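Chemist: Here's a structure for you.
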Amino acid sequence: MKRRLAYLALAGLILLGGFLLWRQSHPAEPVHDRLSVSEWLRLAADPKTDVLLRDDAEQAFIVFGTNALPVLTNRLFTTETRYSRWRHDGAEKWPAVIRDRLPDPLPAALWRRAAAKQLSLLGRDSRTVMPVLSLALADPDRVVRGYCYNLLNRLRAPAEVIVPGLLAALRSPDPSIRVFGAGELGFIGPEAKD
């Protein structure tokens, strides 16, 4: 009996420790008007969202300021999940009664576009994430690349911040991304010599 109680106590401590560790690594997101950063970003990313609500989302991100940066930089590198690929490609075989009840995830490109746009709206508040913006210059979506490159130019990012992202763009298998990287390196000029 004592051994069983000891195992239960140990299991309880492990569960409590795991929860505390998870809670520390996943802090609560800031909230504005009862919606978190991720919820506002979903409204901004969803093409079905009303225009006025999308404007409210942009205002919410201005209120969040630098507090929104962790979520936005994380979403800037969102990739398609297995479920979203299956939902858009393989779910047609299922009966409509079931298929229509399955959640329809937003494509990863829409999440990345919304995150890049919100970062662009934050302007000078995005200064601390310039290296992350540089890495997004190799994004497969030209809209994301455009937002990030324009923001880096507005922030007057030094060449040593922009060049690594453009070099990553040169290594892309997509020729349009390589052309973008080469062209922008040409505009940087002698500072990109190394």
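The values are calculated or read from the model by the stated rules, or taken from the named source; none is laboratory data. Since the model is a prediction, treat every value here as computed from it, not as a measurement. Reconstructed Cβ throughout: ideal geometry from the backbone, glycine too, with neighbour counts over all protein chains shown. Keep in mind that these areas ignore ligands, DNA and RNA; they rest on the heavy atoms of the full protein, side chains included. Shrake-Rupley method; radii C 1.70, N 1.55, O 1.52, S 1.80 Å.
Chemist: Take the solvent-accessible surface of the protein heavy atoms, probe 1.4 Å, and return the percent of it on the chain that carbon and sulfur atoms account for.
Modeler: Ligands and nucleic acids excluded, carbon and sulfur reach 60 percent.
Chemist: Now for a separate question. Rank-order 67-80, 126-139, 178-191, 109-122 by packing density, defined as the average count of other C-beta atoms within 10 Å over each peptide's residues, highest first.
Modeler: On the way: 67-80: 18.1, 126-139: 20.4, 178-191: 14.0, 109-122: 22.4.
The packing order, highest mean first, is 109-122, 126-139, 67-80, 178-191.
Chemist: If R₀ is 41 angstrom, what is the calculated FRET efficiency for the pair Glu58 and Lys93, using the beta carbon separation as r and rounding to 0.05?
Modeler: 0.55
Chemist: Quick one: length gained pulling Asp104 to Asp50 fully straight, 0.36 nm per residue minus the C-alpha distance?
Modeler: Value of the extension gain: 17.6 nm.
Chemist: Please determine, in degrees from 0 to 90 and to the nearest 10, the orientation of helix 142-154 with respect to the longest principal axis defined by the Cα atoms of the chain, where the helix direction is its Cα long axis.
Modeler: Approximately 70 degrees, to the nearest ten.
Chemist: Along the Cα-to-Cβ line of Arg178, 7 Å from the Cα, sits a label point; which residues in the stretch 139-172 have backbone N less than 18 Å from it?
Modeler: Within reach of a label on Arg178: 139-142, 165-172.
Chemist: If one takes the longest principal axis of the Cα atoms in the chain, at what angle in degrees, from 0 to 90 and to the nearest 10, does the Cα axis of helix 2-25 lie?
Modeler: Between the helix axis and the principal axis of the chain, the angle is about 20 degrees.
Chemist: Please turn the phi angles of the stretch 64-78 into ³J(HN,Hα) values with the Karplus equation 6.51 cos²θ - 1.76 cosθ + 1.60 (θ = phi - 60°), one per residue in order, whole Hz, x for glycine and proline.
Modeler: Here the 3J(HN,Hα) series is 4, x, 5, 5, 8, 4, x, 5, 5, 5, 5, 6, 5, 10, 5 Hz.
Chemist: When the chain is fully extended, how far beyond the present Cα-Cα distance does Glu39 get from Ile188, taking 0.36 nm per residue of separation? Could the numbers behind the result be given before it?
Modeler: Details: separation 149, 0.36 × 149 = 53.64 nm, distance 3.75 nm.
Between Glu39 and Ile188, full extension yields an extra 49.9 nm.
Chemist: Suppose each label sits 7 Å from its Cα in the direction of the beta carbon; what would the Leu167-Leu8 distance come out to in nanometres?
Modeler: 6.0 nm
Chemist: Which is farthest toward the positive dipole end of the chain among Leu122, Ala96, Leu53, measuring Cα position about the Cα centre, with Cβ charges +1 (Lys, Arg) and -1 (Asp, Glu)?
Modeler: Final value for the positive-end residue is Ala96.
Chemist: While we're on this one: Please compute the net charge surrounding Met130, taking Lys and Arg as +1 and Asp and Glu as -1 over other residues with Cβ under 13 Å from its Cβ.
Modeler: Net charge around Met130: +2.
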